[in-house]
Amino acid sequence: MRILFLIPEIRIARYTLPFWLKRLNPPESPHLGVAQLCEILKQNGHLVKVIDLQLKNKAYANRIIKKFKPNVIGFTITSYCTEKVYNHIRKIKEQHPRTPIMVGGAHPSCVGKDVLKQCEKIDFAVVGEGEQTIIELLNAIKKNKGFSDIDGLGWRKNGEIIANKPRKFIDNLDEVPFPKYHEFNLPKYQDWKQNSISMITSRGCPFSCVYCSVFQSMGKKFRVRTAENVVKEIEYWHKRGIKKFNFNDDCFTLKPKRVEEICDLILKKKLKIEYRLYNGIRVDLLTKELVHKMKLAGCTSTSLGIETGNEETMRHIKKNINFDQVFKAIKWLKEEKIATVGNFIIGHPYETYEKGLDTIKMSEKIETDYINFNNVIPYPGTELFDWIKTHGKFTISPEVYLNNVSGKRMKMPLFETKDFSVKEREKLLKKGVYNFRKRYIRSKVRKPFSEILVYLAKSDIAFGLIETAKNMKIFTIIKKSLMK
């Protein structure tokens, strides 16, 4: 079978960077989930092609569809910008009405068979982990068999939308081949330009943070790759010249012993690498000894999910950490010279302006290298989403804000309560964003120039230009010129 994957042209503009400036920069990394599916499909004898619409336009995609003549076209869909993807699917279906279209990813996993209601041209929805479901689906299409026995599949039968029983999550992740990205133009991505590649070493999250939707696509059961399997992938890329790795796990340190085993094996094999934990780690899962071992094995930076500076809010969001753990974790990481990012969110359930001010104060108090502030985004299927229906009101309907990828989406409060108005939320987020910008600039530029840029950074456009200059290495060029 010939399978064509299309990765939508969707990148949310950061609230710190105007969208038109963000588009000047290439995408950060190839789609890891699609790359994994490519490997398992090829192992089963199928032909696979990928078009990343962040790099190619729709006209190019149309030419490839006509030339490749896929038996199935697959889209990966997140829970934002769905309508844009649906419109593309409709246009493809007009031109190729007999070609089945399947969708997978975070959004189908959140809404299940409803994705087939949202777009009438979708033939199949893969819900949850897709590796085995897609193999069984392709076999059924090839042999012209029925689809009722394929777990984790939504489909249509005589106009009726059918949802099969959920598929069990994969327990042994070592059985899933790691991606080699042969179908991707790696030099076009920022990661590759920076001599780095992304990896996932585990799946699932057992925690219950009210705003998080990860459990819907990856489950609550924590499943891991063995240390040997993880280091095997590192070795594969290390032999090809890659020295930097981004571990995109949601709970990398949940099993500290496994982390130690990975670190010990990296050291044993004398792999001179750097690795970063972009998705963040929990402060309650760190010890001084573990941080030291991580540093020895090459850990250079990590994000910390702090989210709030108010103890009561911390309980409401079910994060289940305390501030003593936060300060200890930061202290240990700083002692090992591992760069840190503190992540915060404005707009939690039961939050008020006064409680939100505690978060602003916390962001100023903690000694992380960077801080991030985000407007809380209510995703369908989360506890937060259901809470708003009872305790607040949406200021923008989910159908609208989930399809808006502009920078405004990241700054505009999407709901309010009687105790925390839209204006108050906007005011707090503006304070948080400015705190982020100040710390970011001061980490990149020396005085007195940094203070000039800090003043200018009150403007979104001005800061967008500053960050773009950094990404394009203009600061480095200027510095070298001055040194000459």
Any idea which of (1) of a type in the set (Val, Ile, Thr); (2) farther than 29 Å from residue 104 by Cβ; (3) surrounded by fewer than 17 Cβ atoms within 10 Å (Cβ to Cβ) is the one residue 226 doesn't satisfy?
(2)
Of all residues in segment 417-463 being among the small types (Gly, Ala, Ser) and part of a loop (DSSP other than H, G, I, E, B), the one that is nearest to residue 390 (Cα to Cα)
421
Taking the residues in segment 248-278 that are within 18 Å of residue 303 (Cβ to Cβ) and in contact with a Cys (Cβ under 9 Å, 6 or more places away or on another chain) as candidates, determine which candidate is surrounded by the most Cβ atoms within 10 Å (Cβ to Cβ).
275
Quick count over segment 294-325, residues being buried (at least 20 other Cβ atoms within 10 Å of the Cβ) and among the charged types (D, E, K, R), is 2
Could you tell me which residue of segment 65-79 is modelled with the highest pLDDT, considering only residues that are within 29 Å of the chain's Cα centre (by Cα) and in a loop (DSSP other than H, G, I, E, B)?
70
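Here is a yes/no grid of residues against (1) within 25 Å of residue 111 (Cα to Cα); (2) among the polar types (S, T, N, Q):
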site: 164; (1), (2): yes, yes
site: 201; (1), (2): no, yes
site: 205; (1), (2): yes, no
site: 209; (1), (2): yes, no
Those residues of segment 43-64 which are of a type outside the set (Lys, Arg) and either assigned to a helix (DSSP H, G or I) or at positive phi (or both) amount to 43, 45, 59, 60, 61, 62, 64
Please go through segment 319-377 and pick out each residue that is out of contact with any Asp or Glu (no Cβ under 7 Å at 6 or more places or on another chain), in a loop (DSSP other than H, G, I, E, B) and free of Cβ contacts under 8 Å to residues at least 60 places away in the same chain.
322, 336, 337, 338, 367
Does segment 128-144 include one or more residues that are hydroxyl-bearing (Ser, Thr, Tyr) and closer than 25 Å to residue 53 by Cβ?
yes
Would you check which residues across segment 165-185 are surrounded by 14 or more Cβ atoms within 10 Å (Cβ to Cβ) and out of contact with any Gly (no Cβ under 7 Å at 6 or more places or on another chain) and list them?
170, 173, 174, 176, 177, 178, 179, 180, 181, 183, 184
Considering residues that are touching a Pro at 6+ places or on another chain (Cβ under 6 Å) and more than 18 Å from residue 130 (Cα to Cα), the number found within segment 154-187 is 1
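The values are calculated or read from the model by the stated rules, or taken from the named source; none is laboratory data. Predicted model, so just to flag it, every value in this text is computed and none were measured. Positions of Cβ are generated from backbone atoms using ideal geometry, with glycine treated the same way; all protein chains shown enter the neighbour counts.
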